[in-house]
Amino acid sequence: MKLHEFQAKERFRAYGLPTPRGIVATSVEAAREAYGELEGDLAVVKAQIHAGGRGKAGGVKLVRSADEAAEAATAILGKHLITKQNGPDGTLVRTLLVEEGLPIDKEYYVAITLDRQLEMPVLMASAEGGTEIEEVAEDNPDAILTEVVDPVRGLADFRARRITYALGVPKPLARKFAATLVKLCQAFLGDDASMVEVNPLVTTTDERVICLDGKVVIDDSALFRHKDLAGLRDEGEEDPTEVRARKAGLSYVNLDGNIGCLVNGAGLAMATMDIIKLHGGEPSNFLDVGGSASTEQVTTAFRIILEDASVKGILVNIFGGIMRCDVVAQGVVDATKALGLECPLVVRLHGTNMKEGRAILESSGLAIVSATDMKDAATKIVEAVS
């Protein structure tokens, strides 16, 4: 679950991290009033969307008067902001953050994320802040420094000091900077985040260390421990189909292919997409109905798959453990009849009550193709949509 910048900074402040003073605005007049409340000559008007690269897309503007703040809000609010991270259609800007300007001296990049090879959180930092980290990694990979973060104890003080000195932070600010790194890691672990990014983390001419920007992604699987954070989700920024699937208890991710997949279990779903590609096909989605889906959930899953106009065929791949194959088969039959399914449908059932499930499919009178194993299923669906 992604947070907006203003939400990320609220979380930062909860962990004692310094951020600029800012006011959220959802109208031009509110932006004008926010500038006056900040009581400074320089302010920044920022679009609040779940995508980076806002500055280059015109979503971040410096202003020096209430009129300029209103002009900036007029230029940004209600517009579709197109960046490298949100596709050709862009994202509609509904909210702004109006923040005080700061006397910036130096910008740094800092992020905490999971290293899948180390199976540990890692802190990444660079003295080349304010730029996209992908560009830094490509042009000057040695400029990115890393330190391991203990998943229980957090970032050790000596590691924080080591990376602070390696970045060349001035001595008068070294203690504050290292403490900020430690607190960012506390925020990462405390909120069960999958990523925390500050770009830039700045030092100022009046010797402060400030989180000038903030990006936080919370692990959806941990939200049951954070009821307060779950309320921060902005469904308007998410794929509406994925939102609908989540509310139905399904795990769905839209892809670019033409073969719809309905599978139980994340691992089997990944393997199903792999074997489709191995046989020359392209999956149109990842869809995991879970280990105990009902007939209604199976029908909803079919509806979601068929809403994608690019889908030319569907592969149902079920391994019956807790989930019974006969329940899935009845769901498939009911969904096929209810939706008037016309595209090719291949079903592979294996496990609990698979004989009963196959019998339900065979006696349905529908044009459902049965498969004996994953290879057979992949071969048949790829041939059907070719």
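Looking only at region 54-76, filter to residues that are outside any strand (DSSP E or B) and of a type in the set (Lys, Arg); which one of those is modelled with the lowest pLDDT? Working first, answer last.
Our first condition is that a residue be outside any strand (DSSP E or B); within region 54-76, this holds for 54-59, 64-76.
Narrowing the set further to residues that are of a type in the set (Lys, Arg) leaves 54, 56, 64.
Values: ARG54: 88, LYS56: 84, ARG64: 96.
Top of the filtered list is LYS56.
Within region 217-228, is there a residue that is aliphatic (A, V, I, L, M) and either more than 22 Å from PRO121 (Cα to Cα) or modelled with pLDDT under 95 (or both)? Reasoning before the result, please.
Our first condition is that a residue be aliphatic (A, V, I, L, M); within region 217-228, this holds for 217-218, 222-223.
Add one more test, that the residue is either more than 22 Å from PRO121 (Cα to Cα) or modelled with pLDDT under 95 (or both), and what stays is 222-223.
Yes: region 217-228 contains one or more residues that are aliphatic (A, V, I, L, M) and either more than 22 Å from PRO121 (Cα to Cα) or modelled with pLDDT under 95 (or both).
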Check: Has region 107-130 got at least one residue that is in contact with a Leu (Cβ under 7 Å, 6 or more places away or on another chain), free of Cβ contacts under 8 Å to residues at least 60 places away in the same chain, surrounded by 15 or more Cβ atoms within 10 Å (Cβ to Cβ) and more than 27 Å from CYS185 (Cα to Cα)?
Finding: no
Next item on the list: May I ask you to list pairs of residues, at least six apart or on different chains, whose Cβ atoms are under 7 Å apart, with the first in region 137-157 being assigned by TED's automatic domain parsing to the domain that holds GLN186 and the second being surrounded by fewer than 13 Cβ atoms within 10 Å (Cβ to Cβ)?
Entry: LEU145/ALA166; VAL148/LEU118; VAL148/MET120; VAL149/MET120; PRO151/MET120
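Would you mind listing the helices (runs of 4 or more DSSP H) fully within region 214-278 where at least 3 residues are farther than 21 Å from THR379 by Cβ? Break it down stepwise before answering.
Details: elements: 227-230, 240-247, 266-278.
Answer list for region 214-278: 227-230, 240-247.
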Next item on the list: Quick one: which residue in ARG246, ARG303 is farther than 20 Å from SER363 by Cα, touching a strand residue (DSSP E or B) at 6+ places or on another chain (Cβ under 8 Å), without any contact (Cβ under 8 Å) to a residue 60 or more places away in the chain and among the basic types (Lys, Arg)?
Entry: ARG246
Next item on the list: Of all residues in region 197-234, count the ones that are in contact with a Ser or Thr (Cβ under 8 Å, 6 or more places away or on another chain) and of a type in the set (Val, Ile, Thr).
Entry: 4
Notebook entry, point to check: Any chance region 77-95 includes a residue that's part of a loop (DSSP other than H, G, I, E, B), acidic (Asp, Glu) and closer than 25 Å to GLU197 by Cβ?
Noted result: yes
Checklist line | Residues of region 321-331 satisfying the condition of being touching a residue at least 40 places away in the same chain (Cβ under 8 Å) and in contact with a Leu (Cβ under 9 Å, 6 or more places away or on another chain) | finding: VAL328
Check: How do the pairs read when you match residues in region 180-206 that are among the basic types (Lys, Arg) with residues anywhere that are assigned to a helix (DSSP H, G or I) and surrounded by 24 or more Cβ atoms within 10 Å (Cβ to Cβ), using Cβ under 8 Å and keeping only pairs 6 or more apart or on different chains?
Finding: none
Notebook entry, point to check: If we keep just the residues of region 4-53 that are within 21 Å of GLU238 (Cα to Cα), not in a helix (DSSP H, G or I) and not hydrophobic (A, V, I, L, M, F, W, C), which is farthest from the chain's Cα centre (by Cα)?
Noted result: THR26
Notebook entry, point to check: So which residues in region 137-185 are under 20 Å from LEU17 (Cα atoms), aliphatic (A, V, I, L, M) and part of a helix (DSSP H, G or I), if there are any at all?
Noted result: ALA160, ILE163, LEU173, ALA174, ALA178, ALA179, LEU181, VAL182, LEU184
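If you take just the helices (runs of 4 or more DSSP H) that sit entirely in region 282-386, which of them hold at least 3 residues that are at pLDDT 90 or above and over 20 Å from ALA245 (Cα atoms)?
Working: elements: 295-306, 325-339, 354-362, 374-385.
Correct list: 354-362, 374-385.
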Notebook entry, point to check: Applying the selection to region 61-81, what residues are β-branched (Val, Ile, Thr) and surrounded by fewer than 18 Cβ atoms within 10 Å (Cβ to Cβ)?
Noted result: THR74
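The values are calculated or read from the model by the stated rules, or taken from the named source; none is laboratory data. Predicted model, so just to flag it, every value in this text is computed and none were measured. Note that we place each Cβ from the backbone using ideal geometry, even for glycine, and neighbour counts take in every protein chain shown.
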